[in-house]
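Reviewing the structure listed below.
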Amino acid sequence: MTSSVKSEKNGWYNSLIEHLNKFQLVIENITNEIITNKYNPFYYHGALPQFYLWVLFISGLLLFAYYIPTIDNAYLSNRLVNAWTSVRYITNTLPFGAVVRGIHRYAGDAMVIFMLLHAIRVWFTDRYRQYRWLQWVSGVVLLLMVLFIGQTGYYLVWDDRSLLLTRMTASAFDAIPVIGGALKTWFLNGNTITNLTLSNFLFIHIGLSFALLFVLWLHYVRMTRPVITPPPAINYILVAGILLVVFLFPIVSGKMADLNQQPTSFEIDWFFLFPYWLMAHMSMPAFWVSMLVLSFVCLILPWLVRNVSPPVTPAEVVINKCTGCSLCYRDCPYQAIEMVPAPAGSRFKLLATVKTARCSACGICVGACAFDAIDLPQLTDSDITAQIKALVEVN
């Protein structure tokens with residue numbers, strides 16, 4: 001009875017994934033007809049967010065050169081210098097400053113959009129489970145980090161929206177049992193909002209951005225040849241698109257934050273600030289429960305559906321045929337093959353071995369080996385040859 005119920009659930013899920021994948025393939029084929037497969041953005045969906053990451057680093061470096069992380073609001077001073085006035089100077093006085101600020105803002109939005117599209121495509125094509133679980137989990141962590149980094153960017157402007165977001169975040173941390181008070185103190189860099197608060201926001205914004213590179217490395221560590229750069233033509237289009245948005249929707253700041261005032265509303269950026277909309281429309285415990293449940297489900301998704309399809313039967317090395325040539329090791333896209341020292345008495349220095357947890361049974365290693373030294377237990381050489389011929393005939 002249990003296996004029957006599980007089979008029905010798996011059948012429903014497999015059917016959903018199959019229909020979504022077919023729909024996506026139709027879109028890809030239409031795109032190929034229009035701009036050819038060389039420039040099809042669907043084939044670079046993982047590289048597009050990384051392109052915008054470099055745009056954010058470059059534009060952020062330019063903004064950092066003129067930003068002053070203080071909140072002093074001595075209104076009687078005619079030469080007030082603080083975070084808000086430095087942002088105003090960048091926007092209104094610095095040559096091309098408004099353009100650089102707009103690029104930084106909208107490149108962040110674009111990065112989130114393409115990260116979500118990348119995740120959806122990976123889900124549709126069922127490429128997030130078993131040997132790909134590390135890519136999925138690190139990708140979810142990357143998305144959460146990008147969202148928080150983007151939120152800290154809104155704090156740094158230090159207008160009335162920044163003040164409201166800061167107070168809402170501090171209240172959210174304070175509502176967490178046991179560790180809430182410590183988190184609030186860490187966030188504000190003290191018990192109240194001071195100049196040290198803005199310094200802390202700047203440190204978080206920049207520090208997490210560099211930490212992003214380490215998690216990105218984890219995301220790529222099991223890929224032998226990851227596609228990390230789109231063709232130049234696509235890059236030009238992406239830059240042109242950002243510039244068009246910058247000129248159509250220029251960035252403006254609100255009023256300078258006043259600690260003696262309490263803003264009650266703000267313009268929301270749905271790509272980064274949607275948690276604050278939830279925070280404003282539900283109790284704090286409900287907000288944290290919803291955020292934690294959503295994040296947890298995304299993280300463990302590869303294991304929630306691990307029984308949807310049969311487990312992969314990994315490739316096997318035929319030791320008495322292996323020459324240690326390393327061709328399979330070089331061609332494996334998942335780093336599932338390792339070259340190890342050969343045992344004493346062997347004619348060769350190295351022999352191939354398969355890391356079963358990483359193997360996808362894709363058969364690339366079988367095709368790479370010139371000595372028939374790798375087999376797929378459930379797929380013979382003749383079966384693979386027949387599949388290749390069938391694909392050639394279709395194309």
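The values are calculated or read from the model by the stated rules, or taken from the named source; none is laboratory data. Values in this document were obtained by computation on a predicted structure and should not be read as measured data. Using ideal geometry, Cβ is built from the backbone for each residue, glycine included, and neighbour counts are taken over all protein chains shown. Note: accessible area is taken over every heavy atom of the protein model, side chains too, but ligands, DNA and RNA are not part of it. Shrake-Rupley method; radii C 1.70, N 1.55, O 1.52, S 1.80 Å.
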> Taking N as the number of residues in the stretch 142-242, what value does Rg over Cα atoms divided by 2.2 N^0.38 Å take?
Replying inline: 1.39
> Using DSSP loop states and a limit of at most 15 other Cβ atoms within 10 Å to flag chymotrypsin sites (Phe, Trp or Tyr not before Pro), what is the longest stretch of the chain containing no flagged site?
Replying inline: 97-269
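Which whole number in µm²/s is D for the stretch 299-374 by Stokes-Einstein, with the Kirkwood Rh taken over Cα pairs at 25 °C and 0.890 mPa s? Before the final figure, lay out each step's value.
Details: Rh = 13.4 Å.
Stokes-Einstein gives a translational diffusion coefficient of 183 µm²/s.
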> If the cut-off is 15 Å between C-alpha atoms, which aspartates and glutamates fall inside it for Lys22, apart from same-chain ones fewer than 8 positions away?
Replying inline: Asp126
> For the chain, what is the accessible area per residue in Å² when the probe is 1.4 Å?
Replying inline: 57 Å²
>> Checking the table Lys321/Lys389; Lys38/Lys355; Lys38/Lys349; Lys38/Lys321; Lys184/Lys255 against a 31 Å threshold on Cα-Cα, which pairs fail?
In response: Lys38/Lys355; Lys38/Lys349; Lys38/Lys321
> Between the stretch 81-153 and the stretch 308-371, what's the alpha-carbon centroid distance in Å?
Replying inline: 38 Å
> Which of the cysteines found in the chain have nothing to pair with, since no other Cys Cβ lies under 4.7 Å from theirs?
Replying inline: Cys298, Cys322, Cys325, Cys332, Cys359, Cys362, Cys369
>> Quick check: convex hull over the Cα atoms of the chain, volume per residue in Å³, rounded to an integer?
In response: 213 Å³
